[in-house]
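Every number in this text was worked out from the coordinates using simple rules, so none of it is lab data. Just so it is clear, the model here is predicted, and its values are computed rather than measured. So basically every Cβ, Gly included, is an ideal-geometry build from the backbone, and we count neighbours across all protein chains shown.
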Amino acid sequence: MAPKLNGLSREFIIHPGETIKEILDERQMSQKELAIRTDVSETHVSKVIRGQKAISVGFAKKLEYALGIRSGFWINLQANYDMEVSEIKEMNNISQDELAIVRKIHVIIDYLKSLGLLDRQAFDSFLVIELRRLLNLSNLVRIPDMARAGAYRLATAPHTEPYVLFTWLRMSELITAGQQVAPVLDINALKRKIPEFKKLMFKEADEIELALKEHLGECGIRFSIVRYFKGAPVQGVIQKHADATLSLVMTNRRRFADIFWFTFFHEIGHIINNDMNDRLIDYESLDDRGEWDADRYASNVLINAVSYTQFVHAGDFSLESIRRFSATLDLPPFILIGRLQRDAHLSYHLYAEEKKLYDFG
C-alpha cells in the first residue's frame, strides 16, 4: 500500500485507465481490439491504461463509440483525476523544476523501477515523491547543493550530470546494503586474497562477480558491479560504513577484461593505501597523486615491474612472445596486451582477437 500523502493516499486516486482496464477485462476485450475500435495505436491504449497518458477529449469520444459509454463520463473521470493529482502536487510543493528533473533522469529511474527500488506504477507527481524518499531530499532541486555541501565531489569531466550522479550514488548504496560480510575491514586478509583475485582473470564474467563478492566479503567489503549511466562518469566508489566495513562498487562501462582488472586492482590499491575519508568516488577524469599511486599498485600487482621492464627492453612484441611471457607469469595474454597498448608499445587494433570482453549485464 502506498504511504499517505498529507491525508491523501495514492490508492484512492484512480487513473481513468484503470477503469478502461476493468471494462476490457469484463468484456474479454484485448487492448489490441480496443486500439482498432478507437483507431489509435496499441501503444497509446497501453499508456492510457498504465496511467502514463491522459484521456483527451478526442479519445473520450472514440471510447464512446468503441465501448458505448458517453464521452462525458471519461472526460469527467480524467478531470477528477487531474484535480486530485494537482492537489497532491500543491500539498507537497512539487514544482515544474522537480518534474523536469524526473524527465531528465528518466533512464536511471526506469532502471530503479526494474530493481524494485521505485514503484513501477509511479509517474509524474507520485514519482517525484517516491524519488524524494529514495534520495532523502525534500526537494530534488537541491541535489547540486549536496555536492557543494560535501556530500560528494563533482567530477571535472564536462559530461557530469549532478542529478544522474547523485541518484546513481544512492542506487549503488542500496544495491550493496544488504550484503552480509565479515564484521570489520581486514586489510591483511585483503592482501592475502590477491592471488585468488588473479586466478579469476581466467574465469568467465558470470563467475567473476559472484566470486569477488565472496572473497571481498570475507575481508569486510561489500561488492557489486552496477550499470553505468551517462552523466555519472564513475569508475568505482569506495564507501566507509559506521560498522567498520567498506563497500566497493564498480560500473560495467569498461567491457574490456584488461581494463576491468586494472580498474579493480586500482580500487584495491586505494583501499590498501587508505585513501578514503568517508567515501572515495573514482571519476574517470581524475588525475592526482592518489590516482597515480593506485595506478602504480594495479600495474605492479598485475605484472611484476622488473619482469615487465625486461620484456619491453627485449623488444619482441610478437603474439608468440606475449603468450610465452604471460604463461611464465600465470597471466592471461589479454592483460599483457592491454598494458603494452596503454604504454604505447602496441597499437590498440593489434591482437584485437586476443582482447576479452565481459558482459556484466
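General observations
- Rounded to 5, percent antiparallel among DSSP beta bridges of the chain: 70 percent
- Remark: spin-label model distance Ala211-Lys32 equals 4.6 nm, labels positioned 7 Å along the Cα→Cβ axis.
- Counting only residues at least eight positions apart within a chain, or on another chain, the lysines with an alpha carbon under 17 Å from that of Lys193 are Lys203, Lys213.
- Relative to the Cα centre, the charge distribution of the chain, modelled as +1 at Lys and Arg Cβ and -1 at Asp and Glu Cβ, gives a dipole magnitude of about 280 debye.
- Near the amide H of Leu118, within less than 5 Å, lie the amide hydrogens of Lys113, all on another chain or at least 5 residues away, with H placed in the peptide plane.
- Against the empirical 2.2 N^0.38 Å (N residues), region 79-235 has a Cα radius of gyration ratio of 1.29.
- Nearest 10 degrees, 0 to 90: helix 289-302 Cα axis against the chain principal axis: 70 degrees
- Net charge dipole size for region 4-91 [Lys, Arg +1 and Asp, Glu -1 on Cβ; Debye, nearest 20]: 200 debye
- Residues in region 39-56 carry Karplus couplings, in order, of 6, 10, 7, 4, 4, 4, 4, 4, 5, 5, 5, 7, x, 8, 9, 7, 8, 6 Hz; the curve used is 6.51 cos²θ - 1.76 cosθ + 1.60 with θ = phi - 60°, and Gly or Pro positions show x.
- The phi torsions of region 232-240, fed into the Karplus equation with coefficients 6.51, -1.76 and 1.60 and a -60° offset, translate into couplings of 10, x, 10, 8, x, 9, 10, 10, 7 Hz, rounded to whole numbers, with Gly and Pro shown as x.
- An ellipsoid equivalent to region 305-354, defined through the eigenvalues of its Cα gyration tensor, has semi-axes of 15, 13, 10 Å when rounded to whole angstrom and sorted largest first.
- Residues with amide H under 5 Å from that of Tyr228, placed H, sequence gap 5 or more: Asn252, Arg253
- Straight-line cross-link partners of Lys62 among the lysines, defined as a Cα under 27 Å from its Cα and at least 8 positions apart when in the same chain: Lys21, Lys32, Lys47, Lys53.
- For region 4-91: relative contact order, % (alpha-carbon pairs under 8 angstrom, 6 or more apart): 33 percent
- Principal-axis tilt of helix 162-177 within the chain, Cα atoms, nearest 10 degrees: 80 degrees
- Per-residue ellipticity at 222 nm computed for the chain from its helices equals -16500 deg cm²/dmol, with DSSP H segments shorter than 4 residues left out and the rest contributing -39,500 (n - 2.57).
- Taken one residue at a time, the phi angles of region 190-201 give Karplus couplings (6.51, -1.76, 1.60, θ = phi - 60°) of 4, 4, 5, 7, 3, x, 5, 4, 5, 5, 5, 5 Hz. Gly and Pro are set to x.
- Segments 239-248, 179-188 sorted - mean Cβ within 10 Å per residue, highest first: 239-248, 179-188
- Zone residues, region 60-79, relative to Ile23, backbone N less than 13 Å from point 7 Å out along Cα-to-Cβ: 60-78
- Extent of region 4-91 along its three principal axes (Cα atoms, max minus min coordinate, largest first): 41, 21, 21 Å.
- Label of the coordinate-derived value, percent of Cα pairs over 33 Å apart, listed as (i) 33; (ii) 29; (iii) 46: (iii)
- Within region 97-148, the proportion of C-alpha pairs whose separation exceeds 12 Å stands at 62%.
- Overall shape: rounded for region 162-302, with the ratio a/c of the largest to smallest alpha carbon gyration tensor axis below 1.5.
- Here the scattering of region 233-326 is modelled by Debye summation over its C-alpha atoms, one equal scatterer each and no solvent; at q = 0.10 Å⁻¹ the log10 of I(q)/I(0) is -0.34.
- Farthest toward positive dipole pole in the chain [+1 Lys/Arg, -1 Asp/Glu at C-beta], among Pro333, Tyr297, Ala189: Pro333
- Sites listed here are trypsin sites (Lys or Arg not before Pro) in region 124-164 whose DSSP assignment is loop and whose Cβ has at most 16 other Cβ atoms within 10 Å: Arg153.
- Contact order for region 162-302, expressed relative to its length and based on alpha carbon pairs under 8 Å spaced 6+ residues apart, stands at 24 percent.
- Loop trypsin sites (Lys or Arg not before Pro), region 300-352 (other Cβ atoms within 10 Å of the site Cβ: 14 or fewer; DSSP): none
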